[in-house]
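Quick note: the coordinates plus some simple rules give every number you see, no bench work behind them. Note that the coordinates shown come from a computational prediction; the quantities given were computed from them, not determined experimentally. With ideal geometry, Cβ positions are generated from the backbone for all residues, glycine too; neighbour counts draw on all protein chains shown.
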Amino acid sequence: MDTAELRGLSPSTLRLLQSAATLEPDFHLLDLVRLMRRPATALIPAIQEALVRGLLVRAGDELRFGSPEVRAALRAAAPATPHEDRAGGWDLLSEQERRIAGLVGRALTNRQVANRIGRSPYTVNYHLRRIFRKLGIVSRVELASLAHRHEQPDGPVTAGPR
């Protein structure tokens, strides 16, 4: 990745950009709030830094990367998890866990995921803890990055009714 544009960014701005790279090309602040599980007010300074540097731009009421190349580089440079390096961690997940991971990767809350799969938010939380443990990750941002890498180009992560 050409890091010239990213050099000197605060750690919080770099994390925000890595998270944003897992979303659709045009995204709302609320998408980042849900994905990063942080209040909007905590994300504003990082967004402002990215806007000032031209890494993010406003697109109406949405945000997008100023350069598709930077977004692609951030997506490609996401760190691999230990399990993924050793044992293909994604393959350790059940079909239900993959489906949940894919929905979380689309910035849905536990309640929204629960509604989609017909389970309680507590069940979703249980599955997420198992997913995190199996993949050796600690955040929804890491899960979203993995889910996007494993997403099928012709549809959702796993087939099933929505």
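Descriptive notes on the structure:
- For segment 47-72 versus segment 105-125, the inter-centroid distance based on Cα atoms is 29 Å.
- Unit charges on C-beta of K, R, D, E only; dipole of segment 11-71, Debye: 240
- Descending by average beta-carbon neighbour count within 10 Å, the peptides 33-45, 14-26 line up as 14-26, 33-45, the highest first.
- Where labels lie 7 Å past Cα in the beta-carbon direction, separation of L51 and N125 in nm: 3.4
- The residues H127, H28, when put in order of fewest to most other Cβ atoms within 10 Å, stand as H28, H127.
- Label-to-label distance, nm, for residues given as E95 and R7 (7 Å Cα→Cβ offset): 5.0
- Model label zone, S67; criterion: amide N under 15 Å from point 7 Å along Cα-to-beta-carbon; scope segment 35-51: 50-51
- With a cut-off of 11 Å between beta carbons, the residues surrounding R53 carry a summed charge of -1, where Lys and Arg count +1 and Asp and Glu -1.
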